[in-house]
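A.B. asks: Next up is a structure, given as structure tokens.
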Amino acid sequence: MGRHTMSFQSNPPHYGPFSNDRLTAEALFLFVSLPISAPSCRRWYYRMKRKFYFTCCDLMCIVSCIMKTIMLPAFALRRCISTSACLCQRIKQTDNEIVQMFQLPVPQNEMRDLAFNWNFPKKNLYARTLDKRFIRILKIFKWGPDAEKALEVLKLKVDHQLVREVLMIDVEINVKIQFFKWAGKRRNFEHDSTTYLALIHCLDEAGLVGEMWKTIQDMVRSTCVVGPAELSEIVRILGKAKMVNKALSIFYQIKSRKCNPTASTYNAIILMLMQEGHHEKVHELYNEMCNEGNCLPDTITYTALMSTFSKLGRHDSAIRLFEEMKENGLQPTPKIYTTLIEIYFKLGRTESALGLVQEMTGNGCSPTVFTYTELIKGLGKAGKVEDAYGIFMNMLKEGGKPDVVLINNMINILGKAGRLEDALKLFNQMKSWQCVPNVVTFNTIIKALFDNKAPISEASSWFEKMKADGVVPSSFTYSILIDGFCKANRIEKALLFLEEMDEKGFPPCPAAYCSLINSLGKAKRYEAASELFQELKENCGHSSARVYAVMIKLFGKCGDLSKAVDLFNEMKKLGCNPDVYTYNALMSGMIRAGMIDEAHSLLRTMEENGCTPDLNSHNIILNGLARTGGPKRAIEMLTKMKNLKIKPDAVSYNTVLGCLSRAGMFEEAAKLMKEMKASGFEYDLITYSSILEAVGKVDEDNNLTAF
């Protein structure tokens with residue numbers, strides 16, 4: 001009593017069925033009804049409890065005093081509970097009356113509405129008010145003895161439904177975890193798959209991956225039955241968390257417990273593997289699925305598989321799956337048709353792609369905006385610009401609405417075809433289709449302007465318009481501008497763009513440096529080019545094969561072949577594998593230095609290292625042989641190219657024609673000219689100048705001989 005500032009009973013009597021713990025819980029219900037914030041309630045409660053060691057009856061008296069002091073009509077109680085006598089009288093009341101005593105007050109407007117609604121479901125209201133009161137206790141006191149007492153007073157049975165409902169409450173994740181563990185230790189209660197999944201969802205939303213994986217393992221080790229639907233959801237959640245191997249492990253563990261996966265379960269696994277790039281495993285699961293006997297692939301399965309085969313380059317397998325799907329009586333979806341159209345264009349089978357569109361519409365399957373995008377993009381790559389534009393216009397006439405991706409592709413196709421006016425017209429119509437131009441749209445327009453030799457000022461104005469419209473330029477935007485200004489011989493302006501790019505925090509762009517180094521090399525500003533190259537290496541720690549190729553070509557042109565070879569060896573030591581452009585650059589430098597045999601040897605090394613030579617590679621060697629090796633070796637090289645199924649171009653023919661003409665082999669030159677014509681190449685200025693130059697030299701030699 002010495003520590004107490006108020007007089008409380010130290011040994012209150014036991015109230016029969018209503019123990020101290022129960023009355024304390026009832027007092028808590030009254031307490032949380034007060035209009036005090038949760039932290040304030042919690043601090044006050046524990047401070048008073050620690051300081052005064054008050055009992056349940058004392059707590060009831062304290063609450064009563066507070067209620068009288070606050071004097072809020074909306075929170076006034078219908079019965080007086082300020083004395084111990086009243087508490088003793090309450091012992092004789094039924095449980096239902098006790099619960100009604102602790103019922104939340106109803107606002108006046110709700111009471112007025114209830115007066116006219118005699119069929120109001122009182123049981124639901126009763127449950128709702130208790131839920132609200134219990135939720136507030138959880139929020140204020142977290143999970144612990146107080147919340148347990150509240151459950152006892154409310155007579156809420158701990159079952160699966162209650163666990164799921166508590167896990168749905170908006171409280172801290174630790175409260176949910178503690179409650180879940182507490183419930184699992186109760187007598188005559190075991191968690192089932194629904195309660196485990198409810199907690200797994202909560203942990204997933206909270207980002208607690210480790211705790212989530214532990215809960216999934218507990219679920220698998222428990223005796224609860226996991227069905228195909230639950231298994232699919234677990235796989236989806238683990239796939240979202242990038243835990244592919246663990247998802248596969250869980251899949252096979254649950255499957256071994258006589259859980260027969262459905263098509264949806266396999267689809268969940270297949271989609272997860274696709275998203276994480278495990279394409280080879282997808283086909284393995286498909287075969288496993290087919291061997292199940294009672295689990296047949298559906299359209300989702302075929303969609304995933306065909307998309308996977310397309311990414312792996314196994315186009316024939318995707319086409320076979322498409323035919324198999326139709327044989328099994330499944331109707332292809334727009335996505336499946338779109339995937340097949342894309343595959344046919346990759347294979348160069350334009351007519352098959354167009355035929356598939358007709359089949360699609362004939363089967364009542366309307367093309368989507370994605371279908372039109374692949375169709376227009378494929379026709380553009382095939383050089384059928386007019387067909388692509390016609391399909392786009394037909395789509396608009398039929399009421400189709402393009403998206404920004406489709407419009408960007410159409411602008412790109414028109415720009416590359418030199419139809420700049422149509423491309424700009426399309427841009428101006430975007431607002432009418434409720435499409436907002438993005439950074440890709442502006443990049444495509446600016447690049448088209450440079451490619452079509454439009455005035456530099458026009459490209460600059462579009463760049464300013466882009467910023468004025470609130471579209472933030474990307475690294476690729478600056479790369480386009482730098483390349484365009486370099487090609488227009490405005491190197492200083494291009495360097496300013498490089499500085500601006502650096503100021504905005506963009507990482508060094510190898511393509512931009514490549515354009516600048518190449519332009520500086522053409523302007524014979526070799527020192528400035530070398531400085532930029534060193535700057536790129538210092539900022540990135542390494543450089544790309546393309547930039548090395550430009551530098552090697554630059555040193556080859558200026559006659560410093562030793563530096564070119566050193567750079568070639570340096571990039572290999574750094575683990576940067578030389579590409580075809582790098583090999584071509586070094587071979588070109590060797591040819592300039594008269595090192596024909598070394599260049600020819602490098603061509604063979606290139607093939608041995610798995611880098612396939614292109615037409616330019618052979619033309620470089622052909623040029624060297626034609627200049628120093630004589631017509632015989634040049635003709636042999638041209639024949640070798642044909643045998644390798646590398647179709648010679650006009651440069652190839654003109655190189656050999658010049659060699660034959662200089663050697664006075666006009667008959668052979670005439671035959672080669674006929675072959676050139678038959679191959680579809682027209683004679684150009686280089687062809688005629690090579691012949692005329694050789695004829696002129698022959699006439700000059702004849703005149704000197706006659707003289």
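A.B. asks: Among Leu151, Leu197, Leu162, which is the only one that is part of a helix (DSSP H, G or I) and within 24 Å of Arg257 (Cβ to Cβ)?
C.D. replies: None of the others qualify; the one that does is Leu197.
A.B. asks: What tally of residues in segment 434-491 results from selecting those that are over 22 Å from Val547 (Cβ atoms), aromatic (Phe, Trp, Tyr) and either more than 26 Å from the chain's Cα centre (by Cα) or surrounded by fewer than 20 Cβ atoms within 10 Å (Cβ to Cβ) (or both)?
C.D. replies: So the count comes out to 2.
A.B. asks: Additional query: Could you list, ordered by first residue, the pairs with Cβ atoms under 9 Å in which the first is in segment 445-473 and part of a helix (DSSP H, G or I) and the second is loosely packed, with under 11 Cβ neighbours inside 10 Å and not small (Gly, Ala, Ser), at least 6 apart or interchain?
C.D. replies: From segment 445-473, the pairs are Leu449/Pro455; Met466/Val472.
A.B. asks: Just one of Glu636, Glu607, Glu598 is among the acidic types (Asp, Glu), over 40 Å from the mean Cα position of the chain (by Cα) and not assigned by TED's automatic domain parsing to the domain that holds Ser661; which is it?
C.D. replies: Unique residue meeting the criteria: Glu598.
A.B. asks: When the residues of segment 163-190 are filtered to those that are buried (at least 19 other Cβ atoms within 10 Å of the Cβ) and β-branched (Val, Ile, Thr), which remaining residue is modelled with the highest pLDDT?
C.D. replies: The residue in question is Ile177.
Residues checked against (1) hydroxyl-bearing (Ser, Thr, Tyr); (2) buried (at least 19 other Cβ atoms within 10 Å of the Cβ):
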position: Asn609; (1), (2): no, no
position: Thr612; (1), (2): yes, no
position: Ile621; (1), (2): no, yes
position: Lys640; (1), (2): no, no
position: Lys645; (1), (2): no, no
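A.B. asks: Quick check on my filter: what residues within segment 335-368 are touching a helix residue (DSSP H, G or I) at 6+ places or on another chain (Cβ under 6 Å), outside any loop (DSSP other than H, G, I, E, B) and more than 13 Å from Met306 (Cα to Cα)?
C.D. replies: Result: Phe345, Ser352, Ala353, Leu356, Met360.
A.B. asks: State whether one or more residues within segment 515-529 are surrounded by fewer than 23 Cβ atoms within 10 Å (Cβ to Cβ), modelled with pLDDT of 90 or more, out of contact with any helix residue (DSSP H, G or I) (no Cβ under 7 Å at 6 or more places or on another chain) and among the basic types (Lys, Arg).
C.D. replies: For segment 515-529, residues surrounded by fewer than 23 Cβ atoms within 10 Å (Cβ to Cβ), modelled with pLDDT of 90 or more, out of contact with any helix residue (DSSP H, G or I) (no Cβ under 7 Å at 6 or more places or on another chain) and among the basic types (Lys, Arg): present.
A.B. asks: Then there is this: Given (1) among the hydrophobic types (A, V, I, L, M, F, W, C); (2) out of contact with any Leu (no Cβ under 9 Å at 6 or more places or on another chain); (3) not in a loop (DSSP other than H, G, I, E, B), where does Cys486 come up short, assuming only one miss?
C.D. replies: The one condition Cys486 does not meet is (2).
A.B. asks: Of the residues Leu561, Leu554, Leu536, only one is in contact (Cβ under 8 Å) with a residue 24 or more places away in the chain, touching a Gly at 6+ places or on another chain (Cβ under 7 Å) and within 28 Å of Glu492 (Cβ to Cβ); which?
C.D. replies: Leu554
A.B. asks: Can you list residue pairs whose Cβ atoms sit under 9 Å apart, with the first residue in segment 661-677 being within 15 Å of Val651 (Cα to Cα) and charged (D, E, K, R) and the second being assigned to a helix (DSSP H, G or I) and at pLDDT 85 or above? Count only pairs 6 or more apart in sequence or on different chains.
C.D. replies: Listed pairs, sorted by first residue: Glu675/Tyr653.
Every residue, every condition in (1) surrounded by 18 or more Cβ atoms within 10 Å (Cβ to Cβ); (2) closer than 21 Å to Asn452 by Cα; (3) touching a residue at least 24 places away in the same chain (Cβ under 8 Å), yes or no:
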{"position": "Lys384", "(1), (2), (3)": "no, yes, yes"}
{"position": "Phe392", "(1), (2), (3)": "yes, no, no"}
{"position": "Gly399", "(1), (2), (3)": "no, no, no"}
{"position": "Leu426", "(1), (2), (3)": "yes, yes, no"}
{"position": "Ser432", "(1), (2), (3)": "no, no, no"}
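A.B. asks: Considering each residue of segment 307-324, count those that are in contact with a Phe, Trp or Tyr (Cβ under 9 Å, 6 or more places away or on another chain), closer than 18 Å to Glu288 by Cβ and among the hydrophobic types (A, V, I, L, M, F, W, C), and give that number.
C.D. replies: Here the count works out to 1.
A.B. asks: Could I ask something else about it? Taking Asp649, is it surrounded by fewer than 21 Cβ atoms within 10 Å (Cβ to Cβ), among the acidic types (Asp, Glu), in contact with a Leu (Cβ under 8 Å, 6 or more places away or on another chain) and farther than 23 Å from Cys514 by Cα?
C.D. replies: yes
A.B. asks: Working only within segment 401-421, note down all residues that are more than 25 Å from the chain's Cα centre (by Cα) and buried (at least 17 other Cβ atoms within 10 Å of the Cβ).
C.D. replies: Hits for segment 401-421 are Ile413, Leu414, Gly415, Lys416, Ala417, Arg419, Leu420.
A.B. asks: How many residues are in a helix (DSSP H, G or I) and surrounded by fewer than 17 Cβ atoms within 10 Å (Cβ to Cβ) if we restrict to segment 652-667?
C.D. replies: First pass over segment 652-667, keeping only residues in a helix (DSSP H, G or I): 652-662, 666-667.
Imposing the further condition that a residue be surrounded by fewer than 17 Cβ atoms within 10 Å (Cβ to Cβ) reduces the set to 666-667.
Result for segment 652-667: 2.
The values are calculated or read from the model by the stated rules, or taken from the named source; none is laboratory data. Just so we're clear, the structure is a prediction, and the values are computed from it rather than from any experiment. Don't worry about glycine lacking a Cβ; one is built from the backbone with ideal geometry, like all the others, and counts go over all protein chains shown.
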